Structures are given as C-alpha cells and as structure tokens.
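This report concerns only the one structure given below.
The values are calculated or read from the model by the stated rules, or taken from the named source; none is laboratory data. From a predicted model like this one, the values you see are computed outputs, not experimental measurements. Positions of Cβ are generated from backbone atoms using ideal geometry, with glycine treated the same way; all protein chains shown enter the neighbour counts. We work out accessible area using only protein heavy atoms, side chains counted, and drop any ligands, DNA or RNA first. Shrake-Rupley method; radii C 1.70, N 1.55, O 1.52, S 1.80 Å.
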Amino acid sequence: MSEDLTAVARFLYEAGTLKNTARTGWWMAGVQHPESVAEHSWRTALIATIIAKLEGADPARAAFLAVWHDSQETRTGDVNHLGKKYTVGEADPRDITADQVAGMPEILAEAVRDLVAEYEAKDSPEAICARDADKLECMIQGVEYRDQGYSNAQRWIDNSRGRIVTKTGQALADAVLDTGSLDWLRAALGEQKS
C-alpha cells in the first residue's frame, strides 16, 4: 500500500502545479496576469453544484467532475482554442489521466479514470451540468476582466454564453449578465445600486 500512496503523493504535488498554471486564452484579451487553472476549477465546482441542484442532477457528482475536468493540464499546460488548432495529435484527456493515476491504488485510479471519461463523454446529467459550469465560470471571469478594463474579454463572454446548454445554466448566465460584478459587495454593505 505504501508504494501506491507514493504515487498518490506524487500526484498531489503535480496537482499543485495548477495553482501556477495560467489560463492562457486571457492573454489574447490583454490580461497580463490571468487566473490559474486551479482558481478556475474551484469556482467551476461551486457553479456545478448550483446548476446540478437546480437541474435535478446530483450536485456532489457534478462538483466532483468539475474539480477534475482540467487536471490533465498539469501535463499539457492550458492550451487555448487557437493553440489547439496547431497541436498535432492532441492528447486525449482520458489517456493523460491514465498516466497520472498509474501506480495509485486501483480503486482510486479507476474512480478518477471513470470521472474523466464521464466528463469527456458529455452524456450524464452531471457531466452536462459540469460542462455548463465550466462555460459559465469562463463567462463570469470575462465579465470581471471586462469590468477591470479588458474590453477584449467580451469575446469570451459572448462565446461562453453561447455554449451553455442547460435551462438553469442559461438563466443563470442571463442573471450574471444583468448583475454587476461588485453588486454582491454593495448588497453585503447595504448600499443602494447606483
């Protein structure tokens, strides 16, 4: 068992690199210091629980899928959509995951492989909710960057909004677009919206 746990320990260090892995698409919008993959994944998991609960899916499963959805980027980095156009033989996330979990206790390795396969297959309600959460999180981040003066982020806002498929995700996206990025602070302080 200790050999199996060594593989887990190595992966935990590997996963930590996502805290320093920038989401590269934002550089094209002019964002000099974009969010990390880990930051994106954290809010994606929160959003996945919300969408799944309101869609009648399992919120814990959707969050579980969202947490792991970009874990392969420890090995590939965050390749934006333009970069993927030029990547020869793009690696399948399922293959990367299989390499990442090699040597782990089989019960754990199988669970992680199954999660990534479910997310990539896009056919369970939870996977669909997690994918919508990924798009909604990108849209929200785009709004925040736009509000910080990065007007080119509008492209990411529009593209992300157009890829959301669940009724809840679409309604939540509309609510986000109708809400200012600092309205939460004004409400918490009891201030009137100007």
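Total residues in segment 124-169 satisfying the condition of being closer than 14 Å to Ala52 by Cα, among the charged types (D, E, K, R) and surrounded by fewer than 16 Cβ atoms within 10 Å (Cβ to Cβ): the figure is 1. Summed over segment 170-193, residues that are loosely packed, with under 10 Cβ neighbours inside 10 Å and either of a type in the set (S, T, N, Q) or more than 13 Å from Val143 (Cβ to Cβ) (or both) total 5. In segment 1-60, counting only helices (runs of 4 or more DSSP H) that sit wholly within it, the ones holding 3 or more residues that are without any contact (Cβ under 8 Å) to a residue 40 or more places away in the chain and surrounded by 13 or more Cβ atoms within 10 Å (Cβ to Cβ) span 37-55.
If a residue has to be farther than 23 Å from Ala7 by Cα, part of a helix (DSSP H, G or I) and out of contact with any Lys or Arg (no Cβ under 9 Å at 6 or more places or on another chain) to count, how many in segment 108-124 make the cut? Summing the residues that are farther than 23 Å from Ala7 by Cα, part of a helix (DSSP H, G or I) and out of contact with any Lys or Arg (no Cβ under 9 Å at 6 or more places or on another chain) in segment 108-124 gives 1. Might you let me know whether segment 41-64 holds any residue that is at pLDDT below 95 and farther than 17 Å from Glu137 by Cα? No, every residue in segment 41-64 fails to be at pLDDT below 95 and farther than 17 Å from Glu137 by Cα. Determine if segment 81-100 includes at least one residue that is under 17 Å from the mean Cα position of the chain (by Cα) and at positive phi. Scanning segment 81-100 turns up no residue that is under 17 Å from the mean Cα position of the chain (by Cα) and at positive phi. Sort out which residues of segment 138-185 are of a type in the set (A, V, I, L, M, F, W, C), within 20 Å of Ala62 (Cβ to Cβ) and not in a helix (DSSP H, G or I), and write them in order of number. Ile164, Val165, listed by residue number. Residues in segment 77-107 that are closer than 22 Å to Trp42 by Cα, part of a helix (DSSP H, G or I) and either of a type in the set (Asp, Glu) or open to solvent by 70 Å² or more (accessible area, probe 1.4 Å) (or both): His81, Arg94.
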